1. Restricting to segment 1-30, name every residue that is assigned to a loop (DSSP other than H, G, I, E, B), closer than 22 Å to PRO77 by Cα and within 16 Å of the ligand (Cβ to nearest atom).
2. List the residue pairs whose Cβ atoms are under 8 Å apart, where the first residue sits in segment 79-107 and is farther than 13 Å from LEU29 by Cβ, the second is of a type in the set (S, T, N, Q) and within 16 Å of the ligand (Cβ to nearest atom), and the two are 6 or more positions apart or on different chains.
3. Check THR82 against each of (1) within 13 Å of the ligand (Cβ to nearest atom); (2) modelled with pLDDT under 95 and name the one condition it does not meet.
4. Could you name every one of the helices (runs of 4 or more DSSP H) located completely within segment 31-111 that has at least 2 residues being farther than 21 Å from LEU4 by Cβ, polar (S, T, N, Q) and in contact with a His (Cβ under 8 Å, 6 or more places away or on another chain)?
5. Scanning for something within 13 Å of the ligand (Cβ to nearest atom), hydrophobic (A, V, I, L, M, F, W, C), over 19 Å from THR78 (Cβ atoms) and under 12 Å from the mean Cα position of the chain (by Cα), does segment 36-57 turn up at least one residue?
Amino acid sequence: MARLEIEHIIPISKGGSNDESNLWLACPLCNRYKSDKTTGVDPETNETVRLFNPRTQIWFEHFGWSEDGLRIVGKTPTGRATVAVLHLSDDADALEVRSYWVLAGWHPPED
Ligand SMILES: [Zn+2]
């Protein structure tokens, strides 16, 4: 299991601070994909929108789970752009782990 990393929601290079309100724990993969991005393109509308901010937005308003419980699905432009930028639905290891969680009845979470 990889260690979580402290990530800047707004990168220092784009004027973000080291204040706790701008920091979040991310897995190394998400942190690499996010890099210094603050926006992404919604694949449904081709609109450029801000990425999901876990400090100010509510996960379940922007994301849900596919029918089989394996994939994170964006429900809003922000959700879809964030899924695309962070590759949230195509990590083979995550899909495999979740398939066991689904079998065990632990996944997807209800809240
Ligand atoms: Zn991640």
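1. Passing the criteria: only ILE9.
2. Listed by first residue and then by second, the contacts come to VAL83/SER89.
3. Single failed check for THR82: (2).
4. none
5. No, segment 36-57 contains no residue that is within 13 Å of the ligand (Cβ to nearest atom), hydrophobic (A, V, I, L, M, F, W, C), over 19 Å from THR78 (Cβ atoms) and under 12 Å from the mean Cα position of the chain (by Cα).
The values are calculated or read from the model by the stated rules, or taken from the named source; none is laboratory data. Just so we're clear, the structure is a prediction, and the values are computed from it rather than from any experiment. All Cβ positions, even for glycine, are placed from backbone atoms using ideal geometry, and neighbour counts span all protein chains on display.
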